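Please treat every number below as a calculation from the coordinates, not as lab data. None of the values given here were measured: they were computed from a predicted structure. Virtual Cβ from ideal backbone geometry, glycine too; neighbours counted across all protein chains shown.
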Amino acid sequence: MDWKTLFLSPEGRIGRQAFWIGWLCLLGASVVLSAIPLIGHVLMLVVIYASVCIHTKRLHDMGQTGWWQVLPVVFGPVLVMGSALSIGVLPAIAALTHGEPELSVLAALGGFAVSCFIAFAIWLAFTLWVGCSSGQIGDNKYGSPPTDTAAVAL
């Protein structure tokens, strides 16, 4: 598989090695682009599309639909908002009504920290599931299995 197909096409299947190589390349691109104001943030859309492509192909190799990657995007924020509300916002409001502004700030920061941890845990669990699960042996409805000889050819 070549680089263009790896990053720009959601069709087919890739193995674990090609997924992790692509994932690391996209991580590096994200770090560099996030340091560039405006144009870097616009180019992040290309990185997001490439990430969708490699995740889709990896899910295809597992015999799953690429739509599975929508779940962390949808349920992650719902869980984060719920934890922020229950752990941070409601205690902060209670502390403010009792005349303790310092405690309300601590409660809000604690809720934010827990929310960030939950979002990170959801992302990490999904990435590890996609990147570490075995692919299906033989052909499936998404194509032939990837070759193990070369993950990504130049």
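Some points to look at:
- Available extension along the chain between residue 34 and residue 46 is 3.0 nm, counting 0.36 nm per residue and deducting the alpha carbon span.
- Peptides 26-33, 46-53, ordered by how many other C-beta atoms sit within 10 Å of their residues on average, highest first, read 46-53, 26-33.
- Label-point gap, in nm, between residue 132 and residue 70 - each point 7 angstrom along Cα→Cβ: 2.7
- Proximity of backbone amide H atoms, modeled 1.01 Å from N, is registered between residue 14 and 58, 61 at under 5 Å, excluding neighbours fewer than 5 places apart on the same chain.
- Burial order of peptide ranges 12-22, 119-129 (average beta-carbon count within 10 Å, highest first): 12-22, 119-129
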